[in-house]
Structures are given as C-alpha cells and as structure tokens.
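Engineer: Shown below is the structure under consideration.
Rule-based calculations on the coordinates, nothing more; no lab input. Nothing here was measured: the structure is a model prediction, and the numbers come from that model. No Cβ is skipped: glycine too gets one built from the backbone with ideal geometry, and neighbour counts run over all protein chains shown.
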Amino acid sequence: MDPWLTDNPFIPEHCKTQDEIDLVLVTHGHDDHFDLELPAIIKKTNCKVVANNICRWYLLEQGVPKENIEPMNLGGTIQLLDMSISMVNAFHVSHINLADGSMTHPHQAVGFVVGFSDGLKIYFAGDTSVFGDMQLVGELYKPTIAVLPIGDRFTMGPLEAAYAIKLLRVKHVIPFHYGTYPFLTGTPEALAAHTNDIEGLHIHALKAGEILAQNFNAG
C-alpha cells in the first residue's frame with residue numbers, strides 16, 4: 001500500500017528492498033506514498049498494480065506493462081489474488097513528484113477497502129480529511145480495521161479521525177501519517193484521548209517494520 005521504499009529514512013533497512021511483491025495499491029502520487037523507483041520495482045517483481053487513475057496512466061507512460069495494471073475507478077470492486085478490492089473516495093489534492101524536483105499529473109487521492117478470503121476487511125483511507133460518506137464505507141463494506149491518517153495539517157488530525165471512527169463504526173484502528181515530520185503533530189495518544197468514549201476500541205500504533213498478529217475474526 002502506497003510504497004515508499006527508496007530513500008525512506010523512517011523505515012528499517014531490511015524493508016527498503018522488496019524482492020517479492022504480489023500486489024501494489026496506490027492511493028495518490030505524493031513522494032511519501034509513491035516511490036520514485038516504483039516503475040522499476042513493478043517491472044522487477046512483476047507484481048499486479050491497482051492505482052489511482054492518474055497514477056495508473058503515469059505508470060503506463062513510464063513503460064509499466066499494461067498486463068501488470070488492473071484498471072478501475074471510484075465505486076468499483078474487483079476480485080484479484082483471492083481478494084476483493086474496492087476503490088472509494090478520499091479528499092486530498094495530490095500530484096506526482098519527479099526526481100528533478102518538479103511536479104506533474106495533478107489528481108485527487110482515493111482510498112481502498114480490501115477484503116481477504118477469511119472475511120477480514122481493511123479500509124485504507126489514504127491521505128484524506130474526514131467526510132460524511134465514511135458512514136457509507138462502514139455500512140457497505142463493514143471493515144474490520146480502519147487505517148486512518150492522524151498527522152493533521154495535510155490530513156485529518158486526531159479530532160477528525162475520532163469522528164471518522166464513529167462514522168465507520170470500527171473497533172480496530174491503525175493510525176498512520178504522523179511522526180515522520182515535525183509539522184505532523186497528531187499522535188496516537190491524542191487520538192486515544194478523543195476516542196475514550198468509544199467502547200471496545202483498539203488503537204494499534206505500529207512502528208515501522210512491526211507486524212500486527214491477531215485473530216480479528218475471534219474479536
């Protein structure tokens with residue numbers, strides 16, 4: 001999801017080289033979500049790609065074989081690799097950063113709901129503000145886990161993310177897009193303070209490289 005591997009100072013060294021990749025999902029083209037080497041990574045691993053529509057066209061322009069890319073758009077759901085992938089709205093103005101510091105291909109971000117064969121569903125909000133139709137995401141797809149930005153300034157902060165959790169009616173949340181730069185001031189602790197009235201909520205504040213291992217189907 002939104003790979004940023006090359007020149008990423010915030011992840012362990014062993015995460016920066018991925019020799020085996022089955023699927024890449026791309027919500028938008030900002031450089032902390034869309035690796036500058038992504039076309040080469042796709043070609044090397046021969047993985048499948050589901051991307052924001054403008055990012056998809058950029059990858060095709062960079063020579064990524066069309067056979068690797070699954071085209072889709074907002075509101076659609078596809079079956080891929082024994083999973084369901086639904087593309088949903090997000091509210092975040094974006095572009096693709098180039099190696100020379102320039103920008104191209106302006107676009108709106110998207111989110112994804114990924115359903116696995118065991119019934120687990122994860123809502124990856126991507127970079128976004130809170131919006132009322134998150135309630136529809138919750139009602140339609142019934143995600144088990146929501147992965148929500150909390151950094152503030154460029155996305156939701158803890159206050160808005162707390163409201164998103166109520167709209168989605170999820171009990172498991174993984175916060176992201178915080179702590180990497182000084183001006184991303186939102187914290188998991190602030191999110192917990194804003195959600196202490198939500199009974200049974202679990203906030204999983206993962207560090208880079210950590211794995212969340214839990215039987216969510218058992219509650």
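Engineer: Once the piece of chain linking Asp118 and Asn196 is laid out straight, how much longer is it, given 0.36 nm per residue of separation minus the C-alpha distance between them? Don't skip to the answer; put the middle values down first.
Structural biologist: On the way: separation 78, 0.36 × 78 = 28.08 nm, distance 2.99 nm.
Stretched out fully, the Asp118 to Asn196 stretch lengthens by 25.1 nm.
Engineer: Taking a point 7 angstrom from the Cα of Glu139 along the C-beta vector, which residues in segment 154-172 have backbone N less than 12 Å away?
Structural biologist: Output list for this probe position: 168.
Engineer: Here's a follow-up. How long are the three semi-axes of the equivalent ellipsoid for segment 29-104, computed from the Cα gyration tensor as the root of 5 times each eigenvalue, in whole Å, largest first?
Structural biologist: Values for segment 29-104, descending: 21, 17, 10 Å.
Engineer: Using alpha carbon coordinates only, what is the Rg to Rh ratio of segment 1-150, with Rh defined as the Kirkwood radius? Write down the numbers at each step before the final one.
Structural biologist: Values: Rg = 15.0 Å, Rh = 15.8 Å.
My calculation puts Rg/Rh at 0.95.
Engineer: Out of Met134, Met156, Met83, any idea which swings most in a Gaussian network model of the chain, alpha carbons joined below 10 Å?
Structural biologist: Per the Cα network of the chain with a 10 Å cutoff, Met83 tops the list.
Engineer: Given the options Val24, Val88, Val147, which has the most mean-square fluctuation in a GNM of the chain, springs set between C-alpha atoms less than 10 angstrom apart?
Structural biologist: Comparing Val24, Val88, Val147 in the GNM, the peak value goes to Val24.
Engineer: Under the Kirkwood approximation applied to all pairs of distinct alpha-carbon atoms, what is the hydrodynamic radius of segment 77-215 in Å? Each step should come with its number before you reach the end.
Structural biologist: Details: mean 1/r = 0.0634 Å⁻¹.
Across segment 77-215, the inverse of the average 1/r is 15.8 Å.
Engineer: In deg cm²/dmol and to the nearest 500, what is the mean residue ellipticity at 222 nm of the chain if only DSSP H runs of at least 4 residues count, each as -39500 (n - 2.57), divided by the residue total?
Structural biologist: Working: 5 runs with 43 residues, N = 219.
Here the helix-only value at 222 nm equals -5500 deg cm²/dmol.
Engineer: Name the long-range amide H neighbours of Phe91: under 5 Å, sequence gap of 5 or more, or other chain; modelled H, no Pro or chain starts.
Structural biologist: Amide H neighbours of Phe91, under 5 Å, 5+ apart: Ser129.
Engineer: Now, a different point. Lys171 versus Lys66, label points 7 Å from Cα toward the beta carbon: distance in nm?
Structural biologist: Calculated label separation equals 4.6 nm.
Engineer: Between Leu36 and Tyr163, how high is the FRET efficiency from 1/(1 + (r/R0)^6) when r is the Cβ-Cβ distance and R₀ = 35 Å? Nearest 0.05. Write down the numbers at each step before the final one.
Structural biologist: Working: r = 34 Å, r/R0 = 0.98.
Efficiency computed from Cβ-Cβ geometry: 0.55.
Engineer: Give, rounded to the nearest 20 debye, the magnitude of the charge dipole that segment 71-219 has about its Cα centre when Lys and Arg contribute +1 at Cβ and Asp and Glu contribute -1 at Cβ.
Structural biologist: The calculation lands at about 120 debye.
Engineer: Express as a percent, rounded to the nearest 5, the fraction of DSSP beta bridges in segment 4-88 (both residues included) that run antiparallel. Mind dumping the intermediate values first?
Structural biologist: Details: 4 of 9 bridges.
Approximately 45 percent, going by the DSSP bridge assignments.
Engineer: Further question on the same structure: When a/c reaches 1.5 or more, the comparison of a/b and b/c decides; with that in mind, is segment 147-219 rounded, prolate or oblate per its Cα gyration tensor? The partial results should precede the final answer.
Structural biologist: Details: a/c = 2.23, a/b = 1.27, b/c = 1.75.
Oblate, since a/c reaches 1.5 and b/c is not below a/b.
Engineer: Can you bin every Cα-Cα distance in segment 178-219 into 10 Å intervals starting at zero and give me the percent of pairs per bin, rounded to whole numbers?
Structural biologist: Reading the bins upward from 0: 21, 42, 32, 5.
Engineer: For a label point 7 angstrom out from the Cα of Ser84 toward its Cβ, which stretches of segment 107-145 have the backbone nitrogen within less than 16 Å?
Structural biologist: Counting only backbone N, you get 112-124, 136-145.
Engineer: Still on this structure, I have one more. Can you bin every Cα-Cα distance in segment 109-166 into 5 Å intervals starting at zero and give me the percent of pairs per bin, rounded to whole numbers?
Structural biologist: 4, 20, 31, 25, 12, 6, 2, 0
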